[in-house]
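The values are calculated or read from the model by the stated rules, or taken from the named source; none is laboratory data. It should be emphasised that the depicted structure is a prediction, and the values quoted were computed from it without experimental measurement. Cβ sites come from the backbone with ideal geometry, for glycine too, and all protein chains shown count toward neighbours. All accessible areas refer to the heavy atoms of the entire protein, side chains included, with ligands and DNA or RNA removed. Shrake-Rupley method; radii C 1.70, N 1.55, O 1.52, S 1.80 Å.
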2 protein chains.
Amino acid sequence: MNFNMKEAIEVLERTPQALEFFLSGLSDTWLNCNEGEGTWTVTEVIEHLIELENDAWMPRLEFIIQEGESKPLPSLDRSSHINERSSIEQKLIEFKTLRTQNLTKLKVLMDTELNLELTGLHPRLGIVKLRELLSTWVVHDLTHTAQIVRVMAERYRADIGPWKEYIGILKK
Amino acid sequence: MNFNMKEAIEVLERTPQALEFFLSGLSDTWLNCNEGEGTWTVTEVIEHLIELENDAWMPRLEFIIQEGESKPLPSLDRSSHINERSSIEQKLIEFKTLRTQNLTKLKVLMDTELNLELTGLHPRLGIVKLRELLSTWVVHDLTHTAQIVRVMAERYRADIGPWKEYIGILKK
């Protein structure tokens, strides 16, 4: 096991601004490309990060602290909150603002000696620990950052010509 | 084909600062982890980006403009340039500085109506076009950014517990 709260927060507090720097001002061709039907665009990934910032990470952590395993974690309301008409820059600021609020709440809880071994009941996965929820929050940031750059790389699959032999991300 | 010079430069000019924002100040545990023996750490990926910024992209582009297919592109000198003892912050600044210099050179060449269909001779891949070299530069940024976040996510493979079912990046 490698989870460490200080190191986890290092990643969580960097993701929104790194993505903001990388994506703000990009052409729509980058932001609206996907990997084929039924896959997400870069913009949709950011909307997903906003959704989970609203509904999943801190709400679930607080629910586990209050309810333990007595009630299953509420399902995510996947249709809520997102203003699809806002610009990518507005979405990135929204993500950053929500993340900052959530990390502020998390740091307050840490001052109360948060017990990372507390357990809750996930409706599909069964018993889950706070430690696992926090680890997943970090990995989720990393996963979707990887997805964003993979989706963008896919646009140039044909353009790189013979170099495709050397480029691992496009071998799938 | 999707390559477009303006859009390619959008990515190339963002990568160094996005990585600088994401990686500066991270704990060594993040920077020095890898995916097992013979794989790269985050720090080694940045060193690789510096190497290719020195040796590959603009030098090859200039070589193709000068020599066409008359001589093969020089091999990369993979042992040069890198000061392994510098901090990650120093390496990220070096990458950003080299990238800025290279994009300045590229923009000067663009003013001379650079012919993207010019061809050179790659020692292993055969005939390559300027357009393909430039596309590969972009995809290479994206590939190694994906690698960085994948290496970091790997550290928490065991920590996320039952959530591994939902986390695609760790399924391999």
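Observations
- Subset of the range A:97-117 [touching a Lys or Arg at 6+ places or on another chain (Cβ under 7 Å) and either surrounded by 13 or more Cβ atoms within 10 Å (Cβ to Cβ) or assigned to a strand (DSSP E or B) (or both)]: A:L116
- Residues located in the range A:23-76, provided they are in contact with a Phe, Trp or Tyr (Cβ under 9 Å, 6 or more places away or on another chain), of a type in the set (D, E, K, R) and open to solvent by 30 Å² or more (accessible area, probe 1.4 Å): A:K71
- Residue check for A:E51: charged (D, E, K, R), over 26 Å from B:L12 (Cβ atoms) and facing chain B (nearest Cβ under 7 Å): no
- Annotation: B:P72 fulfils all but one of (1) touching a helix residue (DSSP H, G or I) at 6+ places or on another chain (Cβ under 9 Å); (2) under 19 Å from B:L52 (Cβ atoms); the unmet one is (1).
- Output for the range A:17-45, where each listed residue is more than 10 Å from every other protein chain (Cβ to nearest Cβ), in contact (Cβ under 8 Å) with a residue 60 or more places away in the chain and under 13 Å from the mean Cα position of the chain (by Cα): A:V42, A:V45
- The one condition in (1) within 13 Å of the chain's Cα centre (by Cα); (2) more than 12 Å from chain B (Cβ to nearest Cβ); (3) not hydroxyl-bearing (S, T, Y) that A:E13 fails to fulfil: (2)
- From the options A:E67, A:E165, residue that is more than 14 Å from chain B (Cβ to nearest Cβ) and among the acidic types (D, E): A:E67
- Test: B:I93 is buried (at least 18 other Cβ atoms within 10 Å of the Cβ) and of a type outside the set (G, A, S): no
- Here B:R85 meets the list (1) modelled with pLDDT under 95; (2) more than 14 Å from the chain's Cα centre (by Cα); (3) open to solvent by less than 70 Å² (accessible area, probe 1.4 Å); (4) among the charged types (D, E, K, R) almost entirely, failing just condition (3).
- Boolean, B:L73 is within 14 Å of chain A (Cβ to nearest Cβ) and farther than 25 Å from B:A153 by Cβ: yes
- Candidates in the range A:123-161 are the residues that are open to solvent by less than 10 Å² (accessible area, probe 1.4 Å) and more than 7 Å from chain B (Cβ to nearest Cβ); of these, the one that is nearest to the chain's Cα centre (by Cα) is A:D141.
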